[in-house]
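Data block below; observations after.
Taken together, the values in this text are just the output of simple stated rules run on the coordinates, not laboratory data. Note that this is a predicted model, so its numbers are computed, not measured. Note that we place each Cβ from the backbone using ideal geometry, even for glycine, and neighbour counts take in every protein chain shown.
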Amino acid sequence: MNDKELLEFAAKAVGGKWDEWCGFWTLDEEEWNPLTDDGDALRLAVKLVLGIRFYIDGVGVGESYEMNNADPQAATRRAIVRAAAEIGRAITKPSQKRKKQNV
């Protein structure tokens, strides 16, 4: 997923919205970008009760793992957003059970 898709699905997981007028994501009527803001990323992790695991070379959140490279804070934010995006994507997918029942 690209950054736009990551933010879109992560926002769906916590009720965030795209503000057409301002051109950015909002959560609770505040500008929101957990890919660039440590506070937004931490609030996202707390809201979704995401476990964060730190390793020598990276960080893991849920099924997501990011290498530290030169910026461990950016890797942590991205791992949180990726895990949240997977939750948001699962929320938006119709379940297989429902599909079978409607057939």
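Comparing GLU86, GLU63, GLU20, which has the greatest mean-square fluctuation in the GNM of the chain with Cα pairs linked when under 10 Å apart?
Evaluated over the chain, the most mobile residue of the options is GLU20.
If R0 is 30 Å, what FRET efficiency do you get for ILE56 and THR36 from their C-beta distance, rounded to 0.05?
Result of the calculation: an efficiency of 0.75.
With a 10 Å cut-off between alpha carbons and a GNM built on the chain, which of GLY16, GLY39, GLY60 moves the most?
Among GLY16, GLY39, GLY60, the largest mean-square fluctuation in the Gaussian network model of the chain belongs to GLY39.
In deg cm²/dmol and to the nearest 500, what is the mean residue ellipticity at 222 nm of the chain if only DSSP H runs of at least 4 residues count, each as -39500 (n - 2.57), divided by the residue total?
Counting only the DSSP helices, I get -15000 deg cm²/dmol.
Which net charge results for the neighbourhood of GLY16, defined as the other residues with beta-carbon distances under 12 angstrom from its beta-carbon, given Lys and Arg at +1 and Asp and Glu at -1?
It works out to a net charge of -3.
Note the full-extension length gain between TYR65 and GLU29 as 0.36 nm times their separation in residues minus their Cα-Cα distance, in nm to one decimal.
Once the chain is fully extended between TYR65 and GLU29, it gains 10.0 nm.
Pairs of lysines 8 or more apart, or on different chains, with alpha carbons under 21 Å: count those in the chain, would you?
9
What spacing in nm lies between the two simple spin-label points modelled at GLU20 and THR92, each 7 Å away from Cα in the Cβ direction?
Inter-label distance under the simple model: 1.7 nm.
Placing one identical point scatterer on every Cα of the range 3-93 and ignoring solvent, what is log10 I(q)/I(0) from the Debye formula at q = 0.10, 0.18 Å⁻¹?
The calculated log intensity ratios at q = 0.10, 0.18 Å⁻¹ are -0.23, -0.71.
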